[in-house]
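Right, one structure below, let's go through it.
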Amino acid sequence: MRSDGCGELRAKQISSNVQLCGWVDRCRDHGGVIFIDLRDQSGTIQITIDPERGKELFTTAESLKNETVLQIVGTIRARPKESINEKLSTGEIEVLATQITILNEVKSTLPFTVSIHDDEPVKEELRLRHRYLDLRRERMKQNLRLRHNTIKTARRFLEEEDFIEVETPVLTRSTPEGARDYLVPSRVCEGEWFALPQSPQLFKQLLMVGGLERYYQVARCFRDEDLRSDRQPEFTQLDLEMSFMSQEEIIELNEKLIAKIWKEVKGIELKLPFPNLSWQEAMDRYGTDRPDTRYGMELIAVNEIVKDMGFKVFSGAIASGGSVKCITVKNGNNSLSNVRIKPGGDVFTEAQKAGAGGLAFIRVRENNQIDTIGAIKDSLNNKQKQDLLEKTNAKEGDLILFGAGETEIVNKALDRIRQYLARELGLIPDSYDNKSWNFLWITDFPMFEVNDEEKRLEALHHPFCAPNNQDIGIKEEWQKNLPQARAKAYDLVLNGLEIGGGSLRIHNSELQKEVFQSIGLNSNEIEEKFGFLIEALEMGAPPHGGIAFGIDRIVMLLAGEESIRDTIAFPKTQQARCLMTQAPAVVSENQLNELHVANTCIEEE
């Protein structure tokens, strides 16, 4: 139906006859000559309709609506010098039309403008409701092409490293992996259910037991969890697993993979190796295991300085096993008023949202004199003031913000404030360049965390992570040592977002059973839920490990978008709904009966 793409035409083809297909981006009538911007996936070309070429041709062009689908036959010619459009790759030429065929008309009013010439923002709800139109817009086309190039580059790299792609089941059994499963009732096995995979974790481990050694997959995953801008109920991850490799070797290979993607997709050379922080150091310095290291304001522990100062909020927190930490806001005296830090202020509110009762603060004045307010005012002696200035490296004009209480809450509050102030004070680079891609490995995670509601341990990542050998000791000490052990786990963080996470896996069946018991599973539950895995590990399982990267998040960062919804062709909303197809939806009683499922929801009259 066409000889060329609209955006592929160039001046060297002048006088050539072409046949094009595409959408009407816009029409313009300039003194009896009609110009059509014709758009397809490759770009846009100007079509000229000259009335001297025939009345029927001109009449057809006059009636065209934007987004009408056309076939154009014509001849390429040079544009007049004064009308050259340097913004378009085809801006030096135009096509003089000799024939117009309408392939499909627009029969209703467009909900929003699609043209490449229109930058007007459209509400996300409207874009998602008519996603097929949104996909025609330049922004979404570029994002999906970037996504394609990202995955293509990853595939090529991994295949050169002798990885093979294997598909794993989408219908599987429900296993405890940390989030809620999406469940699928079985029609042929009455009363039984499949689960959609939260990840291919167990299957990729079984592939290693099967001797494949190097596996990858662009995997669809499903988690029924509360959503936000960087989460979706269904998402895509680049999943890898490999045998006979150390943690250091796995990290090195994956750094090369990421560097290859950034080079091919963005033309950016990343400096390798990436920095590395232990989980404990990240929590101590940033209050989070996903720190954004593009700016300062690191958390500073000041327990030793303030424990005897007489300020009960500080001394009480330390006496009860908690912490007093602070961040230094450079030139904060000018940018943050007392009103913003006191109750009712925006900075105070951010602390409250993280569970803190409030904030104490100190302003450094001229000649490094400390200015304090409230109960803290008369509690600091001269030595403590001087020690604080040295510890925080605070200078004239700086503001010191304090959090006190349980260490976990102090970390959460100061981390939240740190991120909030970085945005408010413009400390985050506006555009991405070589200096603003701050990659960071976080390692040595705890094996477990405490589930306060159920009063038991649960795996911080998942229960298949291998523990640090030095932490667990000999077999007889496993049960005692496992709760405090570190995992051989590693996350890759980019500018405050986790983009990938993995670990070395447990390949010893007895150790795996011990870990299951540590999270509260008894022997019967282990056999019921994971008997197939234990059996596989007893049949010559190699040492293995892997990682999974969030494709949606990576593309979001590469594209400079704020939400992963703008990197997915057909995403769900934050209420896990598809506005275009109106899914999820009610199904018929007959369908439910076939699946042996009863609908217990009673609609209000």
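Once you have a ≥ b ≥ c as the square roots of the Cα gyration tensor eigenvalues for the range 232-306, tell me rounded if a/c is under 1.5, and otherwise prolate or oblate according to whether a/b is larger than b/c. Prolate, because a/c is 1.5 or more and a/b exceeds b/c. Between Lys391 and Thr113, the C-beta separation translates, for a Förster distance of 60 Å, into a calculated FRET efficiency of about 0.60. Please report the base-10 log of the normalised intensity I(q)/I(0) for the range 478-605, using a Debye sum with one equal scatterer per alpha carbon and no solvent, at each q in 0.13, 0.18 (1/Å). These q points yield log10 I(q)/I(0) values of -0.95, -0.99. What FRET efficiency comes out for Asn104 versus Ser509 if R0 is 56 angstrom and r is the Cβ-Cβ distance? Round to the nearest 0.05. With R0 = 56 Å, the Cβ-Cβ based efficiency is 0.35. One way to sum up the overall shape of the range 469-510 is the equivalent ellipsoid from its Cα gyration tensor, whose semi-axes run 28, 12, 7 Å, largest first.
If you wrap the tightest convex hull around every Cα atom of the range 21-90 and split its volume per residue, you get 100 Å³. Over the range 436-527, the pair-distance histogram of Cα-Cα distances with 10 Å bins from zero comes to 16, 45, 27, 10, 2, 0 percent, rounded to whole numbers. Relative to one another, the C-alpha centroids of the range 105-128 and the range 238-268 are positioned 39 Å apart.
Taking a sphere under 11 Å around the Cβ of Thr581 and counting the other residues whose Cβ falls inside, with K and R at +1 and D and E at -1, yields a net charge of +4. For the chain, the relative contact order is 13 percent, taking Cα pairs closer than 8 Å that sit 6 or more residues apart in sequence and dividing their mean separation by the residue count. In this simple spin-label model, placing a label point 7 Å from the Cα along the Cα-to-Cβ direction at both Leu88 and Asn367 gives a separation of 7.0 nm. Computed on the range 48-146, with alpha-carbon pairs under 8 angstrom and 6+ residues apart, the relative contact order is 25 percent.
Solvent exposure of Thr407, expressed as accessible area, is near 50 Å², computed with a probe of 1.4 Å over the protein chains only.
For the range 144-204, the square roots a ≥ b ≥ c of the C-alpha gyration tensor eigenvalues yield an a/c of 1.5 or more together with a/b exceeding b/c, which makes the shape prolate. Give me the net charge for the shell around Ser89: Cβ to Cβ below 14 angstrom, other residues only, Lys and Arg +1, Asp and Glu -1. That works out to -3.
Helix 247-266 axis versus longest C-alpha principal axis of the chain: approximately 30°, rounded to the nearest ten. Rounded, prolate or oblate: which one fits the range 307-386, using the alpha carbon gyration tensor with axes a ≥ b ≥ c (rounded when a/c is under 1.5, else prolate when a/b beats b/c, else oblate)? Note, shape of the range 307-386 comes out oblate. Ranking Tyr182, Tyr295, Tyr132 by solvent-accessible area of protein heavy atoms (1.4 Å probe, all protein chains present), from largest to smallest, gives Tyr132, Tyr182, Tyr295.
Ordered by 1.4 Å accessible area with all protein chains kept, Ser523, Ser563 run largest first as Ser523, Ser563. Among beta bridges from DSSP that stay inside the chain, the antiparallel ones total about 95%. Global dimensions of the range 1-59 from alpha-carbon coordinates: Rg and Dmax equal 12.0, 31 Å. Using only alpha-carbon positions in the range 394-488, the gyration tensor eigenvalues give semi-axes of 37, 19, 13 Å once each is multiplied by 5 and square-rooted (largest first).
When all protein chains stay in place and ligands, DNA and RNA are ignored, the 1.4 Å accessible-area order of Arg28, Arg10, largest first, is Arg10, Arg28. The alpha-carbon of Lys480 sits under 14 angstrom from the alpha-carbons of these aspartates and glutamates, leaving out residues fewer than 8 places away in its chain: Asp471, Glu514. Counting only heavy atoms of the protein chains and using a 1.4 Å probe, His507 has close to 70 Å² of accessible surface.
Which lysines have a Cα less than 22 Å from the Cα of Lys475, not counting those fewer than 8 places away in the same chain? Answer for Lys475, where 22 Å is the Cα cut-off: Lys488, Lys513, listed by chain and number.
Computed from phi, the 3J(HN,Hα) profile of the range 553-562 under the Karplus parametrisation 6.51, -1.76, 1.60 (θ = phi - 60°) reads 5, 4, 5, 4, 5, 4, 7, x, 8, 9 Hz, with x in place of Gly and Pro. Here the contact order of the range 387-502, divided by its residue count and restricted to Cα pairs under 8 Å and six or more residues apart, works out to 22 percent. Taken over the range 62-134, lysine pairs spaced eight or more positions apart, or on distinct chains, with alpha carbons under 26 Å apart number 4.
Straight-line cross-link partners of Lys325 among the aspartates and glutamates, defined as a Cα under 12 Å from its Cα and at least 8 positions apart when in the same chain: Asp284, Glu298, Glu304, Glu406, Glu408, Asp415. With helices as the sole contributors, the chain gives -8500 deg cm²/dmol at 222 nm; each DSSP H run of n ≥ 4 counts as -39500 (n - 2.57), and the sum is divided by every residue. The amide H of Arg173, built 1.01 Å from its N in the peptide plane, has Ala195 as neighbours under 5 Å, considering only residues 5 or more places off or on other chains. Shape summary: the range 158-304 maps onto an equivalent ellipsoid whose semi-axes, from the alpha-carbon gyration tensor, are 33, 24, 16 Å in decreasing order.
Which whole number in µm²/s is D for the range 76-227 by Stokes-Einstein, with the Kirkwood Rh taken over Cα pairs at 4 °C and 1.567 mPa s? Result for D is 61 µm²/s.
The Rg/Rh ratio of the range 260-374, with Rg taken over Cα atoms and Rh as the Kirkwood radius over Cα pairs, comes to 1.07. With a Förster radius of 22 Å applied to the beta-carbon distance between Val33 and Thr75, the computed FRET efficiency rounds to 0.90. If only the Cβ of Lys and Arg carry +1 and only the Cβ of Asp and Glu carry -1, the dipole of the range 495-563 around its Cα centre is close to 180 debye. Please report, to two decimal places, log10 I(q)/I(0) for the range 49-148 at q = 0.21, 0.22 Å⁻¹ as given by the Debye formula with identical point scatterers on the Cα atoms and no solvent. Per q value, in the given order, log10 I(q)/I(0) is -1.22, -1.24.
On a per residue basis, the convex hull of the C-alpha atoms belonging to the chain measures out at 245 Å³. Relative to one another, the C-alpha centroids of the range 20-84 and the range 145-224 are positioned 48 Å apart. The amide H of Thr293, built 1.01 Å from its N in the peptide plane, has Asn495, Gly496 as neighbours under 5 Å, considering only residues 5 or more places off or on other chains.
Karplus-derived 3J(HN,Hα) values for the range 502-510, using 6.51 cos²θ - 1.76 cosθ + 1.60 with θ = phi - 60°, are x, 6, 6, 9, 6, 10, 9, 4, 5 Hz; glycine and proline are entered as x. With the convex hull drawn over the C-alpha atoms of the range 409-565, the volume per residue is 170 Å³. Applying the Karplus relation 6.51 cos²θ - 1.76 cosθ + 1.60 with θ = phi - 60° to the range 95-100 yields 3J(HN,Hα) values of 10, 7, 6, 10, 7, 10 Hz, where x marks Gly and Pro. Of the whole protein surface, Asp239 contributes about 0 Å² of accessible area at a 1.4 Å probe radius. Among the listed pairs Lys412/Lys572; Lys152/Lys256; Lys152/Lys260; Lys307/Lys391; Lys353/Lys412, give every one whose C-alpha distance is greater than 19 Å. In this structure, Lys412/Lys572 exceed 19 Å between Cα atoms.
With both labels modelled 7 Å from their Cα along Cα-to-Cβ, the Ser15 to Leu171 distance reads 6.4 nm.
The values are calculated or read from the model by the stated rules, or taken from the named source; none is laboratory data. Note that this is a predicted model, so its numbers are computed, not measured. Cβ coordinates were reconstructed from backbone atoms using ideal geometry, including for glycine residues, and neighbour counts include every protein chain displayed. Just so you know, the surface numbers come from the protein's heavy atoms only, side chains and all, with ligands and any DNA or RNA stripped out. Shrake-Rupley method; radii C 1.70, N 1.55, O 1.52, S 1.80 Å.
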